[in-house]
């Protein structure tokens, strides 16, 4: 996967523009309402979604698999953020706790074991009373069922990208024991679920 994203960023650079996604903007507003100040963004890319949190004066740390994307983020944001170079499958990269975690359009690119570990690792790095928010592609996407079948609801598409398509049942199954509070449908470039979890104080 690392090689795929390196090539993608080298070829297209800031391929999605610089406006934060609708999901990032919604999450940033929720984080403000909940008093979140310290945010982790696994899969931060070149930082476009980080802007939604930075403009709300939150401290942002990122994780990014593509060195090229990190270089682009540094070009645009300087030393505003700390970004760890590596895969989310190798979390954690520090021992910090974060009041908010936001991950956009990443989890559905992982296989079942990687998704399980990723959710668990994020939850471990969440502060008590913290929130973590994920966006994941839905089975309502027009591309669901296309490409090479890999396993239930998972297909290889777009020249080698492996995608797992969620429905509410699979969201409940994977996030249910990690403080799942809301499943909201949102539309970005595809139909997504905005999945919100809350870490209750023991």
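Just so it is clear, none of the values below were taken in a lab; they were calculated from the coordinates. Quick caveat: nothing in here was measured; it's all calculated off a predicted structure. Cβ: placed from backbone, ideal geometry, glycine included. Neighbour counts: every protein chain shown.
In plain terms, if you count all Cα to Cα distances in the range 94-202 and split them into 5 Å steps from zero, the share in each step is 2, 12, 23, 24, 18, 11, 6, 3, 1, 0 percent. Judged by the gyration tensor of its Cα atoms, with axes a ≥ b ≥ c, the range 55-96 is oblate; a/c meets the 1.5 cut and b/c is at least as large as a/b.
Got a sec? Which residues in the range 107-129 would a label at residue 151 touch, if it sits 7 Å along Cα→Cβ and we count backbone N under 18 Å? Inside the label zone: 107-121. Largest GNM mean-square fluctuation across 173, 140, 37, computed for the chain with C-alpha springs under 10 Å, falls on 173.
Between residue 96 and residue 25, the simple label model (points 7 Å from Cα in the Cβ direction) yields a spacing of 2.6 nm.
Inter-label distance, residue 188 to residue 56: 1.6 nm, where each label sits 7 Å from its Cα along the C-beta direction. With both labels modelled 7 Å from their Cα along Cα-to-Cβ, the residue 113 to residue 74 distance reads 3.3 nm. Across the chain, the fraction of Cα-Cα pairs farther apart than 32 Å, rounded to a whole number, is 9%.
Listed highest first by mean packing, meaning other Cβ atoms within 10 Å per residue, what order do 144-153, 81-90 come in? Present the calculation step by step, with values, prior to reporting the outcome.
Values: 144-153: 13.0, 81-90: 17.1.
Highest-to-lowest ranking by the protection proxy: 81-90, 144-153.
Multiplying the residue separation of residue 180 and residue 129 by 0.36 nm and removing their Cα-Cα distance gives an extension gain of 17.1 nm.
When you count, for each residue, the other Cβ atoms within 10 Å and take the mean per peptide, how do 91-97, 50-56, 28-34, 64-70 rank with the highest first? Walk me through the numbers on the way to the answer.
Values: 91-97: 13.9, 50-56: 20.1, 28-34: 16.3, 64-70: 21.7.
Averaged packing, sorted descending, gives the order 64-70, 50-56, 28-34, 91-97.
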